[in-house]
Amino acid sequence: MGMRAALASAGAVLMLALAALVMSLAVTSPARVETVLAAPLPVLPLPRIEGRAGRPLLVIDAGHGGHDPGASGSGVREKDVTLAVALAIRAAVLKQGRLRVALTRSDDRYLLLGERPEIARAIGAALFVSIHADSGGGSGATIYTLSEAPSDPAAARTAARENGASAAAGDAEVAAILGDLARDDRLGSSLAFAEKLHATAQGLPFKSEYRRSANFVVLRGAAMPAVLLELGYLSDAGDAARLRSPDRRAAIGDAVARAADLFLATRK
C-alpha cells in the first residue's frame, strides 16, 4: 500500500506539472510568422502593334542598341543601321497594309538577346526577323537560320560575334530546342521565308552563299519562323554607302515587307 500511494502521489504531481505547462502555452502569444515574397520579375516593355486588326504580325528586331553599338566601319555603327532599316521595314509594311508590324526597339535602347524573341512571343508574332550588319568579312548580305552546328566557319564566327557574352546553351538543350522546332515545322518555315526573302530582295546584293545557319541566341527562343538578316559589312565601302542611303534602306524595307506578306499569305 505504501508503494502504491507513493506512485499515485508522483503521478498527481506529474499531471499538475503538465497542466501548468499547457496553460502557459495557451496564454503565450503565437510565434510571428513572416512571409518573404520574392522580388517581382522585371516586366518587358511590349512594343506598340500597328496595322489592321486580324492581320498576321511581323516583328522586326533591330540588333544591338544602347551601350552596345555592335559592329562598326566607314563611320557607321551597326545599332544605327539596324534601327534605320527596321523603321524602313515598318513604314513599308504599313504602306502595303496587309500585315501588322511591331519593333522590339524603336529607339536607341539595349535589350538582352533572349528578351527579343520573348517580346515576339508575348505579342503573338507570326514571323520574326532580326536585323544585323557585320564587319570584316567581305561584302554582301546573308540570311541565317538556327542550327545546332554552324553551316561553315564564317557562320560560326558571325554567331560568336552576335551572341557576344550570352551563355551558349549546351548540346542537349539546343538539340531539344531544334527537336521542338522540327516537330512544328518552324525550321522548315524559316528556311522557306529565307528563300522568299532572297528571291524578293533583288535590290540587296547577297553573298553567293546567301543562306547559312548557326546557333544564334536571338533565334533560339522564337516560337515562330525566324531568321537573322545580316545586311552586309560596314567595313566594305560599298555596303556601308548603301546602308547609309535612305533610298536604299527604303528599298530593303519594301523587299522585306513584300517577302513577309507573300510568305505569311500561304500560312494559316
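Neighbour counts of other Cβ atoms within 10 Å put Arg116, Arg220 in the fewest-to-most order Arg220, Arg116. If you take all other residues with their beta carbon under 10 Å from the beta carbon of Asp134, and give Lys and Arg +1 and Asp and Glu -1, the sum is -3.
Computed over region 57-265, relative contact order equals 34 percent, with contacts defined as Cα pairs under 8 Å that lie 6+ residues apart. The local environment of Ser245, defined by Cβ-Cβ distances under 15 Å, has a net charge of -1 under the rule Lys, Arg +1 and Asp, Glu -1.
What whole-number distance in Å separates the alpha-carbon centres of region 185-216 and region 41-113? Rounded to whole Å, the Cα centres lie 19 Å apart. The length gained by stretching the chain between Arg52 and Ala199 to full extension, at 0.36 nm per residue less their Cα-Cα distance, is 50.3 nm. Taking a Cβ cut-off of under 11 Å around Ile123, the surrounding Lys, Arg, Asp and Glu residues balance to a net charge of +2, with basic ones at +1 and acidic ones at -1.
Read-outs: derived from the displayed coordinates by stated rules, not from any lab. Everything numeric here is computed off the predicted structure, so don't read it as measured data. Because the Cβ atoms are built from the backbone with ideal geometry, glycine has one as well, and the counts that use them run over all protein chains shown.
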